[in-house]
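The values are calculated or read from the model by the stated rules, or taken from the named source; none is laboratory data. Predicted, not measured: the structure shown is a model, and the values here were computed from it. In this analysis, Cβ positions are derived from the backbone assuming ideal geometry, glycine residues included, and neighbour counts consider all displayed protein chains.
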Amino acid sequence: MKSQPISAAYPILALVFGILFSSCQKDEEPNQFTGSQEEIEEFLTPELTEIMTDLGLEINTGNTPPNIEGNYLAEAVLMSSSVAGDVPGKRFLDAVMKFENQNNKDLSVTFSYAQTIESGTGIGALIAGSQDSFSAILKVEGTHGTGSATAQLVMVISGKMTSEGIRDFQWALFMLDNKGDSQYIANNTGRVFKELDNIAEKTTLSIPSGRLAPGLESSRKSAIGR
């Protein structure tokens, strides 16, 4: 899929990202979120939801999501992007996604992820879906490399749960505040990834293993790195 620039949406993005955290706070109250399209749009803002879906992200709704607890290895391939210089189809660093403490009464879940030179922790995480399909809607603090400021971003992870892992895996992220650190992608830009073989397999790893040929790892970007 070709990268779809969102420069036309920039006039509204400052407002979108500026109010994101305040609009999220209401929906983090226990038993308020029911996984509806309207509530997801309120959590993300309708404008950001539209931008993500325009870039190819599928967002699942519903209040009976499958249990997604566990670790999953994602071999990330760029599907679409609004980041300058990005090329769809490029491999990025593998990532291990970890979900735990899922609560289907209030549709909450705990999230973290790790790449070779990057990691992040959820500071607000909701889950929607039905049957085997789900979307995790996440506010995340991420760190790239050493000595970097902690960036704030929003992520959505979607797919279908199987015994092997997350099929039809998609991972969208958008930068809210990079704290002026040049190692990160620019504010109000984002990427959508898919999985190399369409399934993020279950794993016992907490960080990706070095499965790449020598020298290849250094040629790949991390998710929120420039």
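Where strands (runs of 3 or more DSSP E) sit wholly within region 23-130, those with at least 1 residues that are of a type in the set (Gly, Ala, Ser) and over 24 Å from Ala186 (Cα atoms) occupy 70-74, 108-115, 118-130. Among the numbered conditions (1) within 22 Å of Met52 (Cα to Cα); (2) in contact (Cβ under 8 Å) with a residue 40 or more places away in the chain, the only one that Ser112 does not meet is (2). Counting just the residues of region 115-137 that are closer than 21 Å to Thr34 by Cβ and hydroxyl-bearing (Ser, Thr, Tyr), which one comes out surrounded by the fewest Cβ atoms within 10 Å (Cβ to Cβ)? In this case the residue turns out to be Ser130.
Search region 152-166 for residues being more than 9 Å from the chain's Cα centre (by Cα) and of a type in the set (Ser, Thr, Tyr), and hand back the single one that is farthest from Ile127 (Cα to Cα).
Step one: filter region 152-166 for residues more than 9 Å from the chain's Cα centre (by Cα), giving 152, 159-166.
If we keep only those that are of a type in the set (Ser, Thr, Tyr) as well, we get 162-163.
Numbers: Thr162: 17, Ser163: 19 Å.
In this case the residue turns out to be Ser163.
Restricting attention to region 63-101, the residues being surrounded by 21 or more Cβ atoms within 10 Å (Cβ to Cβ) and without any contact (Cβ under 8 Å) to a residue 40 or more places away in the chain number 1. Looking at Ala213, Ala223, Ala186, just one residue is of a type in the set (Gly, Ala, Ser), within 18 Å of Val77 (Cβ to Cβ) and at pLDDT 90 or above, and that residue is Ala223.
Of the residues Ser206, Ser163, which is at pLDDT 95 or above, over 16 Å from Ala84 (Cα atoms) and in a loop (DSSP other than H, G, I, E, B)?
On the way: Ser206 fails: at pLDDT 95 or above.
Among Ser206, Ser163, only Ser163 is at pLDDT 95 or above, over 16 Å from Ala84 (Cα atoms) and in a loop (DSSP other than H, G, I, E, B).
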